[in-house]
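Here's the structure, in structure tokens; my notes come after.
The values are calculated or read from the model by the stated rules, or taken from the named source; none is laboratory data. The structure presented is a predicted model; accordingly, all values stated were derived computationally and were not measured. As a convention, Cβ positions derive from the backbone with ideal geometry for all residues, glycine included, and neighbour counts pool all protein chains shown.
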Amino acid sequence: MVKGKIRALVVDDSEFFAQMTAETLTEEHDIDSVAVHSGQGALDKLAEEDFDCVVSDYEMPEMNGLELLRTIREDDPTLPFILLTGRGDEETASKAIAVGVADYLLKLEVVEDKQYGRLANRIQSVVEQDRTRKKFESLVANSPDGIAQVTDGGVLLSANSAIADRLGTETAELEGERLTDVMDTEAARRRVAAVRRAIDTGEAEVIEEAVDGRHYHTQCIPVESHRQRNTVQLVSRDVTDQIQRQRELERQNERLEQFAGVVSHDLRNPLNVAESAIELLEWPDDDEDAELLSKVDRSLDRMGEIIEDVLKLARDGQTVDDPEEVGLDAIATEAWAWVETDDAALSVATDASIRADPNRAQDVFANLFRNAVEHNDERVTVTVGRLADGFYVADDGSGIDEDAGVFQMGHSTSRDGTGIGLAIVMQVAQAHGWTVTHTESESGGARFEITGVEILD
């Protein structure tokens, strides 16, 4: 059903028929209709008001229905026009179609058989088609993607402003031109070849190409045009920014891998030497010396923890390219086993699955669990639950200062914390394309919400 009330202009030299038709359409079929009694009267009314459709008699003095349509087409090439004719012969039908009539009915059927419902249905149908066409044309015209109708010979039947802007011309100038005449010859040949393949196979063709330093993802989609059968809809999207971002991410991943290698080799090796040396030392009898050696031992352990966290931070920051289906219950339970939870308790209140990298998703849970346990002196219960587009981890502890920069590197309110755990959570989330926020739980503790997650029920 057409949305929005339809306005129809009824044209007939019979004042009685015109008025009766307009009134019936208005009162019984909710089509706002206006009656006029001549072709010139119709032109005058169209100049004053907007209408969605014209319903006109064919045989009228001075200006018949087809002559009226030809005149209307000079100003409005697309206004739906329904012809009521007393002749059902092929010649009249052929003329009507040639001029561009949207539909035609036998006038006697409408008048004598009182088939106004049939006329109303025809009006609604042609108006709906016209509104759909206008919406599509508006989308095409305003799309940032280059869109064109192209024949199998590479001739442009139409093109939107995005393509015209890329080629430095106007849309009207492109109609009837060959692709090879208006753009880089090699690129044009690739597109024409893709157009022909799409027409031959009846399936869309996709090409990735670089033209004048820009990157394009181009689809050639077979369609049937009223102007020519062997055509495709060519849709070309400029993906230069996405390509550049992808390359930057790849460079970032390489830098992170190099950084992880430096941390792993250049810091861990000297640390291992120092730890081995302490193990070989005899523990001194002097209490003061023993305490100093104990501090060195604790400091080396601390350095080891920091190195492990920094390594994980570097590697977890890499983008996730191949996520898998993982169950929140299973992954949270496994992560809980990694953490020294003392007498804390875990409750998983969902059986949903998500798409994620399993190892790095476990890092999210492990660090959130560790954060809950280490930052609360009393026994806590940690709950994992589902959100509409993600999940949350909440505890019933003392909570977090809302203004605290909890995701900042080095932020920690615990003497034993490295201040890297929640930064790892943020890195893993960003690598997946997720968002992490923190707020207060229902019991006043901390609640971390991870959203933008693909949920698999």
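Listing for the model above:
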{"read-out": "Verdict on Asp103 being under 21 Å from Thr26 (Cβ atoms), at pLDDT below 85, surrounded by fewer than 21 Cβ atoms within 10 Å (Cβ to Cβ) and not β-branched (Val, Ile, Thr)", "value": "yes"}
{"read-out": "Breaking point among (1) of a type in the set (A, V, I, L, M); (2) in contact with a Gly (Cβ under 9 Å, 6 or more places away or on another chain); (3) closer than 20 Å to Pro77 by Cα, for Ala164", "value": "(3)"}
{"read-out": "Selection status of Thr26, under 42 Å from the mean Cα position of the chain (by Cα) and more than 24 Å from Lys134 (Cα to Cα)", "value": "yes"}
{"read-out": "Close pairs from segment 132-144: first of a type in the set (A, V, I, L, M, F, W, C), partner modelled with pLDDT of 80 or more, Cβ under 7 Å, at least 6 apart", "value": "Val140/Ile147; Val140/Asn160; Ala141/Asn160; Ala141/Ser161"}
{"read-out": "Filtered residue count, segment 347-405, keeping only those that are among the small types (Gly, Ala, Ser), at pLDDT 90 or above, surrounded by fewer than 23 Cβ atoms within 10 Å (Cβ to Cβ) and farther than 13 Å from Ala429 by Cα", "value": "6"}
{"read-out": "Among the candidates Thr78, Thr26, Thr21, residue that is hydroxyl-bearing (Ser, Thr, Tyr) and in a loop (DSSP other than H, G, I, E, B)", "value": "Thr78"}
{"read-out": "Residue within segment 61-73 that is farther than 23 Å from Lys5 by Cα, among the polar types (S, T, N, Q) and crowded, with 17+ Cβ neighbours inside 10 Å present", "value": "yes"}
{"read-out": "Yes/no for Ala198 being surrounded by 16 or more Cβ atoms within 10 Å (Cβ to Cβ), small (Gly, Ala, Ser) and farther than 26 Å from Asp241 by Cβ", "value": "yes"}
